[in-house]
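Just so it is clear, none of the values below were taken in a lab; they were calculated from the coordinates. Everything numeric here is computed off the predicted structure, so don't read it as measured data.
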Amino acid sequence: METVLIIVAMLLLTGIGMRLIHLLNAQHDARIAAYHFSDALPGVGRRSRKHRPGAHTKPRR
């Protein structure tokens, strides 16, 4: 009888641990999805386009 209780307790604790890990992983995934890693930093890797005429301007002669 004691062996059965120990096995049931171990299975119950394992299930609770699995549920806790699942909830923590879901929270971590939500936090990662909310943060945009691909956003460029201001001023980094951007070129000034002042030397190129836009489509709305007349070309120089």
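If each residue of separation counts as 0.36 nm, what is the full-extension length gain between residue 25 and residue 12 once their alpha-carbon separation is subtracted?
2.7 nm
Could you calculate the contour length gain from residue 2 to residue 34, that is, 0.36 nm times the residue separation minus the distance between their Cα atoms, to one decimal place in nm?
Details: separation 32, 0.36 × 32 = 11.52 nm, distance 4.82 nm.
Stretched out fully, the residue 2 to residue 34 stretch lengthens by 6.7 nm.
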